[in-house]
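Let me begin by presenting the structure, written as structure tokens, before commenting on it.
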Amino acid sequence: MIRFDIDDMASAILAAPGWARVGITAPARHIRDDAARELARTIADALIQSQIQPTRDESPEQDR
């Protein structure tokens, strides 16, 4: 099972476009739906990137 870091999720939410963060509270359903999809897309992209980037321990050491 893949585990996601809460801090990565929080950063992804804050990095989402402002209209999407505000749009999830809009009275119009179509705006809420579009905003929710954009937030989900932004979070998924960020979490995927955090999973494929090597950590410092996994990175090849550079010659000094």
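The values are calculated or read from the model by the stated rules, or taken from the named source; none is laboratory data. Predicted, not measured: the structure shown is a model, and the values here were computed from it. As a convention, Cβ positions derive from the backbone with ideal geometry for all residues, glycine included, and neighbour counts pool all protein chains shown.
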Considering only residues that are in a loop (DSSP other than H, G, I, E, B) and at pLDDT 80 or above, which ones fall in segment 18-64?
I24, T25, A26, P27, A28
Could you list, ordered by first residue, the pairs with Cβ atoms under 8 Å in which the first is in segment 6-17 and surrounded by 12 or more Cβ atoms within 10 Å (Cβ to Cβ) and the second is of a type in the set (D, E), at least 6 apart or interchain?
A12/D45; A16/E38; P17/E38
